[in-house]
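Below is one structure, written out as structure tokens; comments come after it.
The values are calculated or read from the model by the stated rules, or taken from the named source; none is laboratory data. All values derive from a computational prediction rather than experimental measurement. We place every Cβ from the backbone using ideal geometry, glycine too, and count neighbours over all the protein chains shown.
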Ligand code: SF4
């Protein structure tokens, strides 16, 4: 990712109730010279901002406060698809990168890059969650509605979060498509994962604008290991574009040559999926992309996906290529059904809790320095998401 001046931010809208927050002051200091508009009437402002084109929204920051808690279970996507029961910390929405398939183009009403500045209660939120189910290993991250690092050299939000996570029995994931790790602190090799979403370089160039090239992502992952971080990789969204077989095979070659398996906590596989109205947005904003013209089927969750035989072919190819190189790394599907699990991996977790349990078991076994006992499966019931 080429760092643009002021991270590409050309205007700041500041909710007057967020004016005095330390994070607001930090951001305003770092973006000195960028025009600021103080917003007194939030409702009227947001109604107007809703009409703003996405391209302008990506150049504007909206600093505000969030009314409720930040820590939420991953919204998942309907009962027919297994969810790993991840938890999200949505402290920011949208990001300055521009991926053709980004679901946020359709999902959020306000296209501005929004940063919530009242994050001081997050450690208490985390403590309350962990205390509620002490036998469980919670995984959580900030990369669900944004890129965790694209603006982090500006906010330094992860610095505080890492400090919080290091003291607790949990796994924190920082998910990105950038190479912006220089500002991250060195950490003891423990429970902090930096993860990259991966695609072949040709797909990155045509679908993931303003993100770091593949070689840079991999080089940065190797550098993150030296700083004490564990790694994660997300082959998501997998794209059935011309040449996919050779391109994904070459990508796996590069990945497995660049970082050691024993530093990688997990790898996810997920194929392109999107709500039907996103197709129109993609075609309007990125008329040359080609990804929305494939044949899709509407899944039981209402989202468009490649037909199941195509998905299975894609997953098998990736899964087998990965397994040839890395026998033990934890590989899972993000939002796939049990039939696909069985067709590709030969088994399927019984339910969401069963998948969550497999994470805990793999992390406890592969990373003994975390001092996690192999869990009692009774700690993992499907009562709660
Ligand atoms: S990095 Fe994530 S949040 Fe940012 S544009 Fe791409 S898909 Fe959307």
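Okay, here's what the table says:
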| quantity | calculated |
| --- | --- |
| Flag for residue 205 being assigned to a helix (DSSP H, G or I), within 16 Å of the ligand (Cβ to nearest atom) and either touching a strand residue (DSSP E or B) at 6+ places or on another chain (Cβ under 9 Å) or on the phi > 0 side of the Ramachandran plot (or both) | no |
| Candidate set from region 23-52 (those that are out of contact with any strand residue (DSSP E or B) (no Cβ under 8 Å at 6 or more places or on another chain) and touching a residue at least 40 places away in the same chain (Cβ under 8 Å)); member that is surrounded by the fewest Cβ atoms within 10 Å (Cβ to Cβ) | 50 |
| Any hit, region 215-223, residues being within 14 Å of the ligand (Cβ to nearest atom), in contact with a strand residue (DSSP E or B) (Cβ under 6 Å, 6 or more places away or on another chain), at pLDDT 95 or above and assigned to a helix (DSSP H, G or I) | yes |
| Helices (runs of 4 or more DSSP H) contained entirely in region 266-365, each with at least 2 residues that are in contact with a strand residue (DSSP E or B) (Cβ under 7 Å, 6 or more places away or on another chain) and under 25 Å from residue 377 (Cβ atoms) | 338-345 |
| Among the residues listed as 277, 260, 242, the single one being in contact with a helix residue (DSSP H, G or I) (Cβ under 7 Å, 6 or more places away or on another chain) and exposed (fewer than 15 other Cβ atoms within 10 Å of the Cβ) | 277 |
| Search result, residues across region 44-75 that are closer than 30 Å to residue 349 by Cβ, assigned to a loop (DSSP other than H, G, I, E, B) and away from the ligand (no atom under 16 Å from the Cβ) | 69, 70 |
| Filter result (within 16 Å of the ligand (Cβ to nearest atom) and out of contact with any strand residue (DSSP E or B) (no Cβ under 6 Å at 6 or more places or on another chain)) within region 178-195 | 178, 179, 180, 181 |
| Residues of region 178-193 satisfying the condition of being part of a strand (DSSP E or B) and without any contact (Cβ under 8 Å) to a residue 40 or more places away in the chain | 192 |
